[in-house]
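For reference, the structure discussed in these notes is given below.
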Amino acid sequence: MAKEKKKGSAGANAVAELIDALNEDLAREYQAIIAYTVYSNVLSGAQWMNIAAELKLHAGEELQHAMILADQIDYLGGDPTATPKPVKLSKKPEDMLRFDLDNETETIKNYRQRVKQAEVLGHYALAELLRGIIVQEQNHQHDLATALGIDVP
Ligand SMILES: [Fe+2]
Ligand SMILES: [Fe+2]
């Protein structure tokens, strides 16, 4: 098993740290899937129709991200988490979009850090996968900022 193979090697701690960090990322992806699923159904009214449809698309992309992360965690010899980060709820559409926007901003920051960690360890394929995810998260961030009528943070 990959886990045994990595034990005792020079980069073992760094690999364990990367696995833990990717599991944090995975928990955030689960959070995003849940948030987009719930918010897209709670947002009602003509004003929010377009963004509600966008959020449904986001939910599907977040699931793809979760699948990629779970595969990569397994490949590195870790166990993918089954626990999402908590999802904040609100009755106000602006609040929900704001929660999503803040989460996307945090997620992008985390993935940029993760690309560096992966490259230091020579996991270039993982770094490329993460870059692809970042592009989609930036689109999510842009959609949310546009719906809120604000600049991208
Ligand atoms: Fe994602
Ligand atoms: Fe996202």
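For a paramagnetic label modelled at 7 Å from the Cα of Ala53 toward its Cβ, which residues of region 136-153 fall within the zone defined by backbone nitrogen distances under 19 Å? Under 19 Å, as judged by backbone N against the label point of Ala53, lie 139-149 of region 136-153.
Diffusion coefficient of the chain by Stokes-Einstein, Kirkwood radius over Cα pairs, 10 °C, 1.306 mPa s: 98 µm²/s.
With 20 Å as the limit on Cα-Cα distance, the pairs of Lys88/Lys116; Lys56/Lys92; Lys56/Lys88; Lys56/Lys91 that go past it are Lys88/Lys116. Computed from backbone phi, the HN-Hα couplings of region 103-120 come to 5, 5, 4, 5, 4, 4, 4, 5, 5, 4, 5, 5, 4, 4, 4, 5, 5, 4 Hz, rounded to whole numbers (Karplus: 6.51 cos²θ - 1.76 cosθ + 1.60, θ = phi - 60°; Gly and Pro given as x).
Modelled spin-label separation between Thr146 and Tyr124, with each label point placed 7 Å from Cα along the Cα-to-Cβ direction: 3.5 nm.
Here region 91-138 is assigned +1 on the Cβ of each Lys and Arg and -1 on the Cβ of each Asp and Glu. Its dipole about the Cα centre then comes out at about 100 debye.
Using a Gaussian network model on the chain with a 10 Å cutoff between Cα atoms, which of Thr107, Thr83, Thr37 fluctuates the most? Its mean-square fluctuation being the largest, the pick is Thr83.
Every number in this text was worked out from the coordinates using simple rules, so none of it is lab data. From a predicted model like this one, the values you see are computed outputs, not experimental measurements. Don't worry about glycine lacking a Cβ; one is built from the backbone with ideal geometry, like all the others, and counts go over all protein chains shown.
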